[in-house]
Amino acid sequence: MSTTASASNDVSALEKRTLQPMEDSEEEHSEEEMARPSDRKRAKATHKSRAETDLERLVLGGGGEEDSGNDLFNKIGKEGGMSLPGLSDADDFEEEESTDESAGNDSEADNEEAPLFFMDNERGKQFHSFESSAEDSDVDVEDGNNMSPSKEDVQSKAAWSDDDMQNATVALKDKVRTRKLREEEGENVISGDVYEQRLRQQFEKINPVPKWAAEAVKDTSSGDSNEWIGDELLKTSTSLMSRNRSLLPPTNLDIARVRNANRAAVSQSVVHSVQFHPTATVLLTAGLDKTLRLFEVDGKENEKIQSIYIKDMPITTAQFIRDGKEIVVSGRRGYYYSVDVEHGSVARINGVPGHPKLKSLEFMNGTTTGDRIAFMGNGGQIHLVSARTKQFVHTLSMNCAVRDVSFTADGNYLWSIGLDNEVYQWDLRQNSCVSRWHDSTVFRPTCLGISRDGSYYASGDGAGIVNLYDTRSMRSNDDDETSAFFTVKPFKAINNLTTSILGAKFSPNSEILGIYSRKKSDQLKLVHLPTGSVFSNWPTASSHLGHVQCIDFSPQSGFMAVGNDSGKALLYRLQHYPSY
């Protein structure tokens, strides 16, 4: 019974709460019905006019009853999930000023970056731009009804323009970086276009027009520059390449020792090969420690790029071929290795195809420009292999044992010298001997070198004498000009060394010849060309070259590398040459 009574009480309480608003609304309706009809109409008219008044005040603004307008803005702010303060006419004006101020700041930021993205129109007028002629154009320029813009309109009209720049204002005193743009101390606010103009003027002060550009503009504006250049070229027969540097002095050489090229990774044995890359600032070193190393040469840090350890071959020769894209490495083995510089891969080449009896390929010579690799064999044979495919090409035969070979700069010719003092000139395009001569002044030749321009060649012998020849005047008057065999005489015999000559290396510009021997310490001399005189100021007693094994010059003759028996690649700067 108690449970039923409590339930009934809850229902009755719920019905009272539910019916209470209904009763209140019925009482309101009853009061409205009791009111007169005229009063109800007057109330509706009053309510309508008040709503219209609020709407007009909201849209058009106006005075009187500002609280209702503020309430309406507050309601809008609450419905949108944000709080907006009440606004008056004065607040509206302050908001407009702040908006203009922010727009000015934005335009100021844009103007600071503007010079990085477009060219100065005033400066652009000084240069001739490429335009299609009226004859090549499909549009009739003379037609007055043509709606396309004329050339004058296109030239005068900018690529784009900002209409807001004229209305924008910039306060120069607000930032330190803009204060320098003031023309007077009290100046503060300027317009956007004036601000842009002053930025350009400031940029031209910091970065003035170079002298060569101003002269070029002056020449092009004075008349037809192509006709002027053509006239000047026809008036002279001199070389178009000017050499501003002075000639190399024949007595003293300006040379300085810098950090060793392989200071980052010193070789653990004799350095048998050093060579500069033909196009990059890279030097390779290789020796009997079975490791090929590449270094970035700058004369200061000389950081190591890469090292390749070849387990089964002590290296006696390593050279760049194919424009420096590949390195061939050989030793006292019947095979050799090919290193792809670009991809970093190493491939083993099992000897010369068709010649399995070659037990050693240590005497090898390659070229960076041609497509041949030469291996010196026994009995005066020179085996030629394709540098690209590594296939056997041809065998050149001499009358006596071959001592050394050297390629010309273009890679089309190969010179070789034999034990019988005869020099052969081979045309590799035909695989035939085109010239041969004998030199009776050489005793048991040991090496051969050719200058890059083909003007000189040098041969060294076992007695420490190096003969220097001028290829342009090798033939004597007694020789038959049509004969392929003749005798030659050197124009200079260099006897500054007393032991067997190991090598003769010309600089790329054919102005220096380096000769060296490994039998004694510090056996290296540099010879001036074309005089043939030995530089007397270097090396000195304090140079400490060690037993020189190999040398090489950088592509622009700015550096010289010397490999010795202590595993070091000494690096010297030839300061007469400004570039690498």
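Tabulated values for the structure
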| item | result |
| --- | --- |
| Residue count for region 387-414, restricted to those that are closer than 14 Å to residue 370 by Cα and either of a type in the set (A, V, I, L, M, F, W, C) or surrounded by 15 or more Cβ atoms within 10 Å (Cβ to Cβ) (or both) | 11 |
| Any hit, region 323-343, residues being in a strand (DSSP E or B) and open to solvent by 70 Å² or more (accessible area, probe 1.4 Å) | no |
| Single match in 521, 579 (criterion: surrounded by fewer than 19 Cβ atoms within 10 Å (Cβ to Cβ), part of a loop (DSSP other than H, G, I, E, B) and more than 26 Å from the chain's Cα centre (by Cα)) | 521 |
| Check on residue 304, under 18 Å from residue 268 (Cβ atoms) and open to solvent by 30 Å² or more (accessible area, probe 1.4 Å) | yes |
| Meets criteria (under 29 Å from residue 296 (Cα atoms) and modelled with pLDDT under 95) for residue 254 | yes |
| Residue 349 being in contact (Cβ under 8 Å) with a residue 24 or more places away in the chain, farther than 21 Å from residue 378 by Cβ and surrounded by 15 or more Cβ atoms within 10 Å (Cβ to Cβ) | no |
| Of all residues in region 353-383 being under 32 Å from the mean Cα position of the chain (by Cα) and open to solvent by 20 Å² or more (accessible area, probe 1.4 Å), the one that is nearest to residue 332 (Cα to Cα) | 365 |
| Subset of region 308-322 [out of contact with any Gly (no Cβ under 6 Å at 6 or more places or on another chain), within 13 Å of residue 290 (Cβ to Cβ), assigned to a strand (DSSP E or B) and open to solvent by less than 30 Å² (accessible area, probe 1.4 Å)] | 308, 318 |
| Answer residue from region 501-518, given it is in contact with a Lys or Arg (Cβ under 6 Å, 6 or more places away or on another chain) and closer than 14 Å to residue 459 by Cβ and is most open to solvent (accessible area, probe 1.4 Å) among those | 502 |
| Search result, residues across region 530-547 that are more than 21 Å from residue 457 (Cα to Cα) and of a type in the set (Val, Ile, Thr) | 540 |
| Given (1) part of a helix (DSSP H, G or I); (2) among the β-branched types (Val, Ile, Thr); (3) at pLDDT below 80, number of the condition residue 178 does not satisfy | (3) |
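The values are calculated or read from the model by the stated rules, or taken from the named source; none is laboratory data. Since this is a predicted model, take the numbers as computed values, not measurements. No Cβ is skipped: glycine too gets one built from the backbone with ideal geometry, and neighbour counts run over all protein chains shown. Remember, those area values only see protein heavy atoms, side chains included, never the ligands or the DNA or RNA. Shrake-Rupley method; radii C 1.70, N 1.55, O 1.52, S 1.80 Å.
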